[in-house]
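Presented below is the structure to which this report refers.
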Amino acid sequence: MNLADQFNTLQNRRQFLGNSALGLGAFSFMDLNAKDQHGAAPGITQNAFGLPHHAPKAKKVIWLCMAGAPSHLDMLDYKPTLEKMFDKDLPESVRDGQRLTGMTANQSRFPLAPSKFKFKQHGKSGAWFSELLPWTAKMSDDLCIMRGMHTEQINHDPAITYLQTGNQIPGRPSMGSWLSYGLGSMNDNLPTYVAMTPSWTGRKDAQALYQRLWGSGFLPSEHQGIGFRSDGDPVLYLSDPKGVNSSTRRRMLDSLAQMNRKHFQDVNDPEVNARISQYEMAFRMQTSVPELTDISKEDKKTLELYGPDVHKKGTFAASCLLARRMVERDVRMVQIFHRGWDQHFNIAGDLPNQCKDIDQSCYGLIQDLKQRGLLEDTLVVWGGEFGRTNYSQGKLTRDNYGRDHHPR
């Protein structure tokens, strides 16, 4: 056996995982099929824990990721007892040996800091919202606010990696990649998974975002998220260079596909077929993406839902409108990473700006989805990688303070 033949008999990691997944998937399908034959309701899958409380509806996801960790204590989590404990030391019984970051571990004291912002109850649920979120408060009865969540990590990068991939160590597929891999595409002309990174007006020194947060890890690269840019072409190399027209591009891709298919026959690497698929999608996106991003036909009433920033390219509001247009065109998952939430200092100055960026546009997005019937099968998620401390980082006054990372 020559070296080429030996290479063709070997399995790379992706092939092994793919074959394993097919085998496990076949067993899973047989198991589900058997259970369906035993009286499961149509559209509802039985499992070891019994039936879910309703038939699953969600087919698409919009994930509004507040990168940097919003201060829940100043927005959504009302703590009236803290008012009575202003500037008192954090009780050791509350800390109970919890790990602190290097930014506050050596503070001489940990003075408790109640929110400077006013809270009110809203809706039939009586949910508490601060004055920073007047638009979000209007839809309090449409929201599920999850309290008591925690994470394993106290620093941003491993925490947001954990949030996106389920593991603090880079290299795992993101949620959108798993959805693409497991559920497949719902359209032929747009990516299954899109990520956007809009501008922000709060603290300018923001945590870095890495493309691996919407990467495919060990899954085939066709399942990675496609980053939409704020400036220039939404996707790199979307426009043909000067001197190249659509027919020329088509001939180039056909020739390239022919060479790639020959290469696949030689090496039997499934990533080669993924590359062919990505080139074809890129060609179709040259038509579909300009149509997607052209909001000139959106009516005035719809645009007003999202607020004045919707007219500014690259803002959170403009991204929310694009997210609605994407799920309307059956993009499986859209993520919007809004940076600038890391308020270690100057909560009074930076946090209101951050909330102004997102408050009305989040409201507008939900209302727009609802009135178009898209909320019936679209799950909208809002959150950050961890919370903030109830004690002040740095100097505490009635008018201003900062908050450190708080994974618990």
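The values are calculated or read from the model by the stated rules, or taken from the named source; none is laboratory data. A quick note: this is a predicted structure, and the numbers were derived from the prediction, not measured. So basically every Cβ, Gly included, is an ideal-geometry build from the backbone, and we count neighbours across all protein chains shown. All accessible areas refer to the heavy atoms of the entire protein, side chains included, with ligands and DNA or RNA removed. Shrake-Rupley method; radii C 1.70, N 1.55, O 1.52, S 1.80 Å.
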Given the conditions (1) touching a Lys or Arg at 6+ places or on another chain (Cβ under 9 Å); (2) open to solvent by 10 Å² or more (accessible area, probe 1.4 Å); (3) modelled with pLDDT of 95 or more, every one holds for Pro407 apart from (3)
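Before we move on, is Leu321 without any contact (Cβ under 8 Å) to a residue 24 or more places away in the chain, hydrophobic (A, V, I, L, M, F, W, C) and touching a helix residue (DSSP H, G or I) at 6+ places or on another chain (Cβ under 6 Å)?
Spelling it out, it is not the case that Leu321 is without any contact (Cβ under 8 Å) to a residue 24 or more places away in the chain, hydrophobic (A, V, I, L, M, F, W, C) and touching a helix residue (DSSP H, G or I) at 6+ places or on another chain (Cβ under 6 Å).
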Residue pairs qualifying under the 7 Å Cβ cut-off, at least six apart or on distinct chains, with the first in region 389-408 being in contact (Cβ under 8 Å) with a residue 24 or more places away in the chain and assigned to a loop (DSSP other than H, G, I, E, B) and the second being among the acidic types (Asp, Glu) and open to solvent by less than 10 Å² (accessible area, probe 1.4 Å), are Thr389/Asp404; Gln393/Asp404
TODO: State whether the residues of region 140-162 include one that is in a loop (DSSP other than H, G, I, E, B), among the aliphatic types (A, V, I, L, M), open to solvent by less than 80 Å² (accessible area, probe 1.4 Å) and touching a Pro at 6+ places or on another chain (Cβ under 9 Å).
DONE: yes
The residue that is farthest from Pro80 (Cα to Cα), considering only those in region 124-133 that are open to solvent by 70 Å² or more (accessible area, probe 1.4 Å) and at pLDDT 95 or above, is Lys124
Considering region 73-123, residues that are among the acidic types (Asp, Glu) and open to solvent by less than 80 Å² (accessible area, probe 1.4 Å), and then whichever is nearest to Ala348 (Cα to Cα), we arrive at Asp74
Counting only residues in region 168-197 that are in contact with a strand residue (DSSP E or B) (Cβ under 8 Å, 6 or more places away or on another chain), closer than 14 Å to Met326 by Cβ and open to solvent by less than 20 Å² (accessible area, probe 1.4 Å), the one modelled with the lowest pLDDT is identified as Pro191
Of the conditions (1) outside any loop (DSSP other than H, G, I, E, B); (2) in contact (Cβ under 8 Å) with a residue 40 or more places away in the chain, the single one that Gly227 does not satisfy is (2)
Scanning region 275-311 for residues that are assigned to a loop (DSSP other than H, G, I, E, B) and free of Cβ contacts under 8 Å to residues at least 12 places away in the same chain, the one surrounded by the most Cβ atoms within 10 Å (Cβ to Cβ) turns out to be Asp294
Expected output for region 243-269 (first residue closer than 14 Å to Tyr279 by Cβ and in a helix (DSSP H, G or I), partner open to solvent by 60 Å² or more (accessible area, probe 1.4 Å) and polar (S, T, N, Q), Cβ below 7 Å, 6+ apart or cross-chain) is Phe264/Asn273
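For (1) assigned to a strand (DSSP E or B); (2) of a type in the set (D, E, K, R); (3) over 13 Å from the mean Cα position of the chain (by Cα), each residue gets a yes or a no:
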| site | (1), (2), (3) |
| --- | --- |
| Pro198 | no, no, no |
| Arg203 | no, yes, yes |
| Leu209 | no, no, no |
| Asp231 | no, yes, yes |
| Val235 | no, no, yes |
| Pro241 | no, no, yes |
| request: Could you check, for region 387-404, whether at least one of its residues is open to solvent by 20 Å² or more (accessible area, probe 1.4 Å) and under 30 Å from Lys59 (Cβ atoms)? | output: no
